[in-house]
Amino acid sequence: MNNTLEIKIQDLKNLNKEEYLLVDIREEAAFAHGFIPNAVNIPLSRLREKPELLPKEKKIILYCAKGILSYEAAEELEEKGYDVAHLAGGYGAWLLDSFSTEERYPEIEKSIRKKFHKTIFSRFTKAINEYELVKEGDKIAVCISGGKDSMLMAKLFQELQKHRKVNFDVIFLVMDPGYNETNRKVIEENARLLNIPITIFETNIFETVYEIEKSPCYLCARMRRGYLYSKAKELGCNKIALGHHYDDVIETILMGMLYGAQIQTMMPKLHSTNFEGMELIRPMYLIREDDIKHWRDYNDLHFIQCACRFTDTCTTCREDGSTGSKRMEIKGLIKELKEINPFIEGNIFKSVENVNLSTVIAYKENGIKHHFLENYDTAERTEENG
């Protein structure tokens, strides 16, 4: 490795910000989850297509997730005559360096009670009450992946326990599916910063699915779910809580229609079919992702986005095994539709609450398919609307 192309975090701090351009070469979705202050986002694919986007009068400093792709890109740009370097360790190294020993969690908790009470905490408690997610005597494994959603969920459960109307216990459960050292450390540091007493257990999921060519994301998601259920049950829990939010729900509805040819949604709670007596709950169900981001940025918090071993720019590790590109495509579609109709998101969400079976060709119930012709001749005759 050419060390002249490498710059370390401490050296970056000593540079005059006016003299260099910091470029994040990760995909847009990764950049949206968090970035180094003052960085601009030019994904690697675009950078290779149009290197002229970069000024030659300034030093260019590139970074990616781990400092691997950025080094290769720096070599390519150097050959084109650019004064360029890459950040050693990438965004992960910067994340670790950003943690301080300052005790900040009281102010972070206060922000949930005050500034974000209406947009976050109230919607959290509304989902719990509306869908009956927490009941007397529950012991809930709050599953933390290390991202913004699950970390906020953990803080919301802590806040709920201070004001609880029913008695319940929680365990803040972190499964290590084979994180690299940086991601593991970032999760531990954020837990310390947020005052979340985590319980970590190791698995070898990433190793198991690494060589799988067909649907590795789906298999990985299924395995992670199984390990979480198993560990939670071992710890005496009867529920696991996942951090899916409102935007995940509406994206899943559209993805099911456009890619799966089916109408279904991400349910607020489910009984486990493989672990008797266990339930899955989603208490972030009514919380908007933009509000989660606002809470994160307001408190200057930085979380891992995705620890997937297949790619540094993975944007989702969802239970349906969907790829980041599909989910980002749906996000973009919803954004475009919202420009035409500002109520589009709410309408998508409500569409699965207002299903009229008398106007549906066929549907499944408990795995059995039913067709409208089954009762067509015996059903009460009604005039077609429209």
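The values are calculated or read from the model by the stated rules, or taken from the named source; none is laboratory data. This structure is a prediction, so every number in the text was calculated from the model and none was measured. All Cβ positions, even for glycine, are placed from backbone atoms using ideal geometry, and neighbour counts span all protein chains on display. Heads up: the accessible areas ignore ligands, DNA and RNA and are worked out on the full protein's heavy atoms, side chains in. Shrake-Rupley method; radii C 1.70, N 1.55, O 1.52, S 1.80 Å.
Of all residue pairs spaced 6 or more apart or on separate chains, none has beta-carbon atoms under 6 Å together with a first member in region 108-127 that is outside any helix (DSSP H, G or I) and a second member that is among the aliphatic types (A, V, I, L, M) and surrounded by 20 or more Cβ atoms within 10 Å (Cβ to Cβ).
Candidates in region 60-69 are the residues that are of a type outside the set (F, W, Y) and at pLDDT 95 or above; of these, the one that is farthest from D149 (Cα to Cα) is I60. The number of residues in region 239-256 being open to solvent by 10 Å² or more (accessible area, probe 1.4 Å), out of contact with any strand residue (DSSP E or B) (no Cβ under 6 Å at 6 or more places or on another chain) and in a loop (DSSP other than H, G, I, E, B) comes to 2. Candidates are the residues of region 90-143 that are surrounded by 15 or more Cβ atoms within 10 Å (Cβ to Cβ) and of a type in the set (S, T, N, Q); the one that is nearest to P37 (Cα to Cα) is S98.
Every condition in (1) open to solvent by less than 50 Å² (accessible area, probe 1.4 Å); (2) aromatic (F, W, Y); (3) out of contact with any helix residue (DSSP H, G or I) (no Cβ under 9 Å at 6 or more places or on another chain); (4) modelled with pLDDT under 90 is met by F206 except one, and the failing one is (3).
Taking region 283-303 as the range and being farther than 23 Å from L133 by Cβ, part of a helix (DSSP H, G or I) and either more than 14 Å from the chain's Cα centre (by Cα) or of a type in the set (S, T, N, Q) (or both) as the test, the residues that pass are H294, D297, Y298.
Could you please find all residues in region 12-36 being in a helix (DSSP H, G or I) and open to solvent by less than 80 Å² (accessible area, probe 1.4 Å)? Within region 12-36, L12, A29, A30, F31, A32, H33 qualify. Kindly check whether there is at least one residue in region 27-40 that is more than 23 Å from Y298 (Cα to Cα) and either at pLDDT 90 or above or out of contact with any helix residue (DSSP H, G or I) (no Cβ under 9 Å at 6 or more places or on another chain) (or both). The answer is no; no qualifying residue exists.
Residues that are over 30 Å from F343 (Cβ atoms), assigned to a loop (DSSP other than H, G, I, E, B) and among the aliphatic types (A, V, I, L, M) do occur in region 188-208, at least one of them. Count of region 257-276 residues, restricted to those that are open to solvent by less than 90 Å² (accessible area, probe 1.4 Å), modelled with pLDDT of 95 or more and out of contact with any helix residue (DSSP H, G or I) (no Cβ under 7 Å at 6 or more places or on another chain), is 3.
Can you find a residue that is over 30 Å from R164 (Cβ atoms), of a type outside the set (G, A, S) and out of contact with any His (no Cβ under 8 Å at 6 or more places or on another chain) anywhere in region 101-124? Looking for residues that are over 30 Å from R164 (Cβ atoms), of a type outside the set (G, A, S) and out of contact with any His (no Cβ under 8 Å at 6 or more places or on another chain), one finds at least one in region 101-124, hence yes.
Every residue, every condition in (1) free of Cβ contacts under 8 Å to residues at least 60 places away in the same chain; (2) of a type in the set (S, T, Y); (3) under 21 Å from E109 (Cα atoms), yes or no:
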{"residue": "K162", "(1), (2), (3)": "yes, no, yes"}
{"residue": "E181", "(1), (2), (3)": "yes, no, no"}
{"residue": "N190", "(1), (2), (3)": "no, no, yes"}
{"residue": "N195", "(1), (2), (3)": "no, no, yes"}
{"residue": "E211", "(1), (2), (3)": "yes, no, no"}
{"residue": "C217", "(1), (2), (3)": "no, no, no"}
{"residue": "C220", "(1), (2), (3)": "no, no, no"}
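Within region 356-370, work out how many residues are open to solvent by less than 100 Å² (accessible area, probe 1.4 Å), in a loop (DSSP other than H, G, I, E, B) and without any contact (Cβ under 8 Å) to a residue 12 or more places away in the chain. Within region 356-370, residues that are open to solvent by less than 100 Å² (accessible area, probe 1.4 Å), in a loop (DSSP other than H, G, I, E, B) and without any contact (Cβ under 8 Å) to a residue 12 or more places away in the chain number 2.
Here A85, A65, A74 are screened, and the one residue that is buried (at least 18 other Cβ atoms within 10 Å of the Cβ) and in a loop (DSSP other than H, G, I, E, B) is A65. Per this entry, G146 is counted among residues that are out of contact with any Pro (no Cβ under 9 Å at 6 or more places or on another chain), assigned to a loop (DSSP other than H, G, I, E, B) and open to solvent by less than 10 Å² (accessible area, probe 1.4 Å).
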